[in-house]
Amino acid sequence: MIDDILYLLRLRLRFLVLPVICLPLCSVFFLLQVEPKFVSTAKIWAKERNEGSNLLKIQREGLQEETHVKIQTEILFSDRVIHRVIESNHLDTPPPSQSIWARWVGGQVIPKEEDHERALRYAIKAFKSSLHVDLLNPETLLIQLSMNEPRLAQKLLTSLLYHYREVYREILQDEVEEYASFLSREIAKFGLELEEKALALIDFERQHALIPQESSASFDPRVPALMGKEVGDVSPFPIIMSRISELELEQNRLLTFASAGNKELIRIGVEINKDKDLLNSYNEKLRDHAEVLVRHQELQWELSEVRQRHQQVQSEYDKVILSKGTKLDESIGITILDEPNFDPEKIAPKKKVALAASLFMGCVLGLSAVYLLSLLEPTYRRAKDLEKETSVPVLAHIKEEV
Amino acid sequence: MSLQRLRSELSVIASQTKSRKVMVATPITDSVTTNFCAKLVAGWEDPVELIESDGVLDGIQFPLVSEVTVPVLLLVIAGDSRREDVKEAIGYLKKKGLPIAGTVLLERKGVLD
C-alpha cells in the first residue's frame with residue numbers, strides 16, 4: 001500500500017509540487033496586496049423613550065422586545081447617517097492604502113472617482129460592509145467598525161455615533177412637530193366649531209324670549225323637573241279644571257228637572273266648551289314652550305361638548321410643546337456605555353494562518369490531483385498492475401530502450 | 001527481469017509445444033515488435049523461432065494456427081498501450097483458443113517522460 005502511494009507520488013510529483021508551491025505564493029501575493037483590518041468597538045444603551053404625551057407613547061402588541069433596538073440598528077445603517085459620516089470625514093476619496101506592498105513602494109495609488117455621486121455610493125457601500133452591529137440584549141448594542149488604520153476606525157466610529165444621535169434626535173423632532181401641527185389644526189377646527197355653536201345658542205335665545213337668560217350661562221340638565229316647576233308656579237290648569245267640574249255638576253243638576261232647551265243649561269254648556277278650548281290652547285302653548293326648552297338644552301350640551309374637546313386638544317398640544325424642547329433631548333435615551341476604542345492588533349489578515357492554510361490546501365489539492373490522475377490513468381505503467389488486471393503472467397519488465 | 005531471463009522463459013514455453021515457435025504481438029500494430037524481436041534474438045545462442053505479428057486487434061495473421069497451436073507473447077508498452085486494448089486483445093486470443101505465453105511490459109524511451 002505504502003509502495004503504491006510512493007510510486008504514485010513519484011510518478012506524479014509535478015502535480016503534487018505545483019499546488020504546494022503555487023498556493024503559498026498566491027497567498028504571499030495576496031498578503032502583500034490586502035489591506036489590514038483594525039477594529040474599533042463601542043457599546044451603547046438605547047433606552048426606549050417614554051413621552052409625556054400618551055399619544056406619542058409607543059405601544060406594541062406581543063413580545064417584540066427587540067423592535068426598538070432593531071430600529072436603532074436600522075438607523076445606524078441608514079444612508080442618512082452614513083452619508084453624513086462620509087461627508088464630514090471626506091471619505092468619498094478612499095483612505096490611503098496600508099497594504100505591505102503600498103508601504104514598500106511608497107506610492108499609495110488612490111483610484112480617484114470622477115463622478116462624486118458614484119464615489120459617494122461606493123463609499124457608503126464600503127462603509128456599510130465594514131460596520132457590524134450585535135444585539136447584546138433588548139436595549140444594548142455592540143458596534144464594531146473595521147478600517148485599515150486603528151485610529152481612523154476609532155475616529156469614524158466616534159463620528160458615526162455622533163451623527164446617529166443627531167439623526168435620531170431629528171427623527172423624534174420631526175415626529176413631535178408633525179404631531180404638534182396636527183394638534184394645532186385640530187385646535188383651530190374645534191375653535192371654529194365652538195364659535196359656531198355659541199352663535200347658534202345666542203341666536204336661539206334671541207328668537208325665543210321666554211327662555212330665562214341665566215339658563216344659557218349655567219346648563220341644568222334636569223329638564224323635566226325644571227318644566228314641572230315652571231308649570232306648577234304659573235299654571236291655570238287647576239282653576240280651569242275646577243271650574244269645568246263645577247259647571248258640569250251644575251249642568252247635571254239642571255238636567256234632572258229641566259228640558260234640553262233650557263237657557264241656563266245651554267249657557268253652562270257654552271261655558272264648559274269655552275273652558276275646554278282654553279285648556280287645549282294652553283296645553284299647546286306649554287308643549288311648544290317645552291320643545292323650545294329641550295332644543296335650547298341640546299344646544300347648550302353641544303356647546304359644552306365642543307368646549308371640552310377643545311380643552312382636551314389644547315392640553316395635549318401644551319404637553320407636546322413642552323416635550324419639544326428639553327424633554328425631547330432627555331428622551332432620546334441613548335447612552336454610550338463604552339466610548340469608541342481601538343485594538344492596535346489587526347484582526348486581518350492573519351499571516352501565519354493564511355500561509356499555513358494555503359500550504360495545507362496546496363497539499364490537499366496536489367494529493368487530490370495525484371489520486372484523480374491515477375484513477376483516470378488509461379495505460380499500464382507497472383507490471384504489478386498489468387498482471388493483476390489481466391491475470392496473465394508478466395514474463396519481463398524491460399526498461400531500457402528497445 | 002532481464003532479457004536473459006525472458007529468453008530462458010521463452011525457451012521453456014517453446015519446448016512445451018511441438019512447433020517450438022512463439023508469436024510476438026502487440027494489442028495494436030506497432031513497430032516495436034520488430035525491434036523487440038531483433039533485440040531478443042541478438043546474442044541468443046539457441047533461440048526459439050519468433051513470429052512477428054501485427055496488432056492483435058488489427059486483424060492478426062495466424063499462419064500456423066491451422067497446423068499447430070502457437071503461444072503468443074503479448075507486448076504491452078508502458079504508458080502507451082491502453083488498458084482496454086490490452087484486455088480486449090487477451091480476450092480475443094483466449095476466444096480464438098490461442099495459449100498466451102505471457103506479457104512483456106516495455107518502457108519505451110520518451111513515453112513515460
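Residues in region B:18-41 that are over 17 Å from B:Leu93 (Cα atoms), away from chain A (no Cβ under 11 Å) and not charged (D, E, K, R): 2 in all.
Condition check ((1) among the aromatic types (Phe, Trp, Tyr); (2) on the phi < 0 side of the Ramachandran plot; (3) exposed (fewer than 15 other Cβ atoms within 10 Å of the Cβ); (4) at pLDDT 90 or above) across all residues:
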residue	(1), (2), (3), (4)
B:Thr34	no, yes, yes, no
B:Leu57	no, yes, no, no
B:Glu67	no, yes, yes, no
B:Val86	no, yes, no, yes
B:Lys96	no, yes, yes, no
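The set of residues in region A:364-384 that are under 22 Å from B:Leu3 (Cβ atoms) and either more than 7 Å from every other protein chain (Cβ to nearest Cβ) or not in a helix (DSSP H, G or I) (or both) comprises A:Tyr380, A:Arg381, A:Arg382, A:Lys384. Number of residues in region A:73-102 that are under 14 Å from A:Leu32 (Cα atoms) and either hydrophobic (A, V, I, L, M, F, W, C) or surrounded by fewer than 12 Cβ atoms within 10 Å (Cβ to Cβ) (or both) equals 3.
Can you confirm whether region A:345-354 contains a residue that is within 14 Å of chain B (Cβ to nearest Cβ) and among the basic types (Lys, Arg)? Walk me through it before giving the result.
Quick first cut of region A:345-354, residues within 14 Å of chain B (Cβ to nearest Cβ) only: none.
No; the residues of region A:345-354 include none that is within 14 Å of chain B (Cβ to nearest Cβ) and among the basic types (Lys, Arg).
Conditions tested, residue by residue: (1) charged (D, E, K, R); (2) facing chain A (nearest Cβ under 10 Å).
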residue: B:Val70; (1), (2): no, no
residue: B:Ala78; (1), (2): no, yes
residue: B:Glu84; (1), (2): yes, yes
residue: B:Glu88; (1), (2): yes, no
residue: B:Leu105; (1), (2): no, yes
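Got a number for residues in region A:231-272 being basic (Lys, Arg) and modelled with pLDDT under 85? Walk me through it before giving the result.
As a first pass, look at region A:231-272 and keep what is basic (Lys, Arg): A:243, A:253, A:263, A:267.
If we keep only those that are modelled with pLDDT under 85 as well, we get none.
Number satisfying all stated conditions: 0.
The values are calculated or read from the model by the stated rules, or taken from the named source; none is laboratory data. Keep in mind that this is a model prediction, so the values were computed, not measured. Quick reminder, even Gly has a Cβ in these numbers, built from the backbone with ideal geometry, and neighbours come from all protein chains shown.
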